[in-house]
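The values are calculated or read from the model by the stated rules, or taken from the named source; none is laboratory data. As the structure is a computational prediction, the values presented were derived from the model and not from experiment. For neighbour counting, all protein chains shown are included, and Cβ atoms are generated from backbone atoms with ideal geometry for every residue, glycine included.
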Amino acid sequence: MNRWIDVSQKLTNEIPVWPGDTPFSYQVSWSKEESGSVNVGQINMSTHTGTHIDAPFHFDDEGQCVIDLDVNLYIGDALVVHVKNAKRIELKELAHLSLEGVTRLLIRTDAWTDRTSFPATIPPVDPELVPYLAKQGIRLLGLDLPSVDALDSKELAAHHALHENGIHILEGLVLDEIEEGMYELAALPLPLVEGDGSPVRAVLRQK
C-alpha cells in the first residue's frame, strides 16, 4: 500500500506568517522539572498559520465558522494538477483537464518555494474561473499559496466567488514533490467553534 505523504508546512518559531498577523510560537510552559512528571507546551498562533483552511467567517461576518463545516469535504479523492509560470490561475490553465467526478482540486504552482519568508507576489485565482469549477463539481480548492487572492487585495473577490459557488478553501500546501494525478487527501481542521480558519495536517496518498 502507498504511504501517506505529508504536504503540510512545518510549524516552527521561524515559520513566516501574513505580515502583521500573530507570529507562531511554541514553548514548554510547564517543564518535567517543574511538574515532576511531564513537559507541557504552549502554542500561540494565528488560525491561518502554515497549511490551513479558511472558513467563510474569515471574510464574511455572517459566514460559517470552522465547526459548521462538513468534515467530509477535507477527506477523500483529490486531483493534483500543475499550473506553473502563470500570472493568474485562469480558465485557460485548466480547460484542457477532465474534471469529471473530481470533488477536490489541488493546484501546484511552484510560486512559493522559499517558505522561510513570506512571498512578495503570488498568482491569484481568477474569480471568473470559479463558476466553471463549480459546474464541474469541485467543492474544495487547495493551493500551495498563502491565499487564493492577490496579497494586496481588500475585496477578496476569489474568496467570495468560491464561497458563493459552494467551494471551500485549503491554502499553504507543500506540493513541491507531488506529481499530477489522483490521490487520497486528509486535511482535517480543528473543531474550533468560533474559528475563522484552522491549521490542518494535510497528507496525500497516491491512488
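When the residues of segment 22-63 are narrowed to those that are in contact (Cβ under 8 Å) with a residue 60 or more places away in the chain and acidic (Asp, Glu), which ends up surrounded by the most Cβ atoms within 10 Å (Cβ to Cβ)?
Asp54
Which of the numbered conditions does Pro146 fail, given that it passes all the others? Conditions: (1) out of contact with any Ser or Thr (no Cβ under 8 Å at 6 or more places or on another chain); (2) touching a residue at least 60 places away in the same chain (Cβ under 8 Å); (3) not in a loop (DSSP other than H, G, I, E, B).
(3)
Give segment 95-127 a look and list any residue that's free of Cβ contacts under 8 Å to residues at least 60 places away in the same chain, farther than 14 Å from Val148 by Cβ and not polar (S, T, N, Q), or say none.
The answer is Ala95, His96, Leu97, Leu99, Glu100, Gly101, Val102, Asp114, Ala120.
Could you list, in sequence order, all residues of segment 90-125 that are crowded, with 17+ Cβ neighbours inside 10 Å, within 30 Å of Asp21 (Cα to Cα) and among the aliphatic types (A, V, I, L, M)?
Leu105, Leu106, Ile107, Ala111, Ile122, Val125 - these are the residues of segment 90-125 that are crowded, with 17+ Cβ neighbours inside 10 Å, within 30 Å of Asp21 (Cα to Cα) and among the aliphatic types (A, V, I, L, M).
Being assigned to a loop (DSSP other than H, G, I, E, B), at pLDDT 95 or above and either closer than 20 Å to Glu179 by Cβ or in contact with a Ser or Thr (Cβ under 9 Å, 6 or more places away or on another chain) (or both) is the filter here, so list the residues in segment 104-118 that pass it.
Matches in segment 104-118: Thr109, Asp110, Ala111, Trp112.
Filter segment 128-141 down to the residues that are in contact (Cβ under 8 Å) with a residue 40 or more places away in the chain and of a type outside the set (A, V, I, L, M, F, W, C), then identify the one that is nearest to Ser98 (Cα to Cα).
Of everything passing the filter in segment 128-141, Tyr132 is nearest to Ser98 (Cα to Cα).
Select from segment 72-84 the residues that are within 18 Å of Val148 (Cβ to Cβ) and of a type outside the set (Val, Ile, Thr) and write down the one among them that is surrounded by the most Cβ atoms within 10 Å (Cβ to Cβ).
Quick first cut of segment 72-84, residues within 18 Å of Val148 (Cβ to Cβ) only: 73-74, 78-84.
Next, only the ones that are of a type outside the set (Val, Ile, Thr) stay: 73-74, 78-79, 82, 84.
Numbers: Leu73: 19, Tyr74: 22, Ala78: 24, Leu79: 20, His82: 14, Lys84: 11.
Across segment 72-84, the extreme among qualifying residues is Ala78.
Confirm whether Asp61 is within 17 Å of the chain's Cα centre (by Cα) and modelled with pLDDT of 95 or more. Talk me through it step by step, then tell me what you get.
Numbers: within 17 Å of the chain's Cα centre (by Cα): no; modelled with pLDDT of 95 or more: yes.
Spelling it out, it is not the case that Asp61 is within 17 Å of the chain's Cα centre (by Cα) and modelled with pLDDT of 95 or more.
For segment 72-84, indicate whether the set of residues that are out of contact with any strand residue (DSSP E or B) (no Cβ under 8 Å at 6 or more places or on another chain), more than 28 Å from Thr116 (Cα to Cα) and at pLDDT 95 or above is non-empty.
Of segment 72-84, the ones out of contact with any strand residue (DSSP E or B) (no Cβ under 8 Å at 6 or more places or on another chain) are 72.
Narrowing the set further to residues that are more than 28 Å from Thr116 (Cα to Cα) leaves 72.
Narrowing the set further to residues that are at pLDDT 95 or above leaves 72.
Scanning segment 72-84, I find at least one residue that is out of contact with any strand residue (DSSP E or B) (no Cβ under 8 Å at 6 or more places or on another chain), more than 28 Å from Thr116 (Cα to Cα) and at pLDDT 95 or above, so the answer is yes.
Test of understanding: among Val66, Val81, Val71, which residue is within 16 Å of the chain's Cα centre (by Cα), touching a residue at least 60 places away in the same chain (Cβ under 8 Å) and more than 28 Å from Thr12 (Cβ to Cβ)? Before the answer, list the steps.
Numbers: Val66 fails: more than 28 Å from Thr12 (Cβ to Cβ); Val71 fails: more than 28 Å from Thr12 (Cβ to Cβ).
Checking each option against the conditions leaves just Val81.
Can you name the number of the only condition in (1) of a type in the set (A, V, I, L, M); (2) part of a loop (DSSP other than H, G, I, E, B); (3) closer than 22 Å to Val17 by Cα that Ile178 fails?
(3)
When residues of segment 141-166 are filtered for being touching a helix residue (DSSP H, G or I) at 6+ places or on another chain (Cβ under 7 Å) and surrounded by 21 or more Cβ atoms within 10 Å (Cβ to Cβ), how many remain?
Within segment 141-166, residues that are touching a helix residue (DSSP H, G or I) at 6+ places or on another chain (Cβ under 7 Å) and surrounded by 21 or more Cβ atoms within 10 Å (Cβ to Cβ) number 7.
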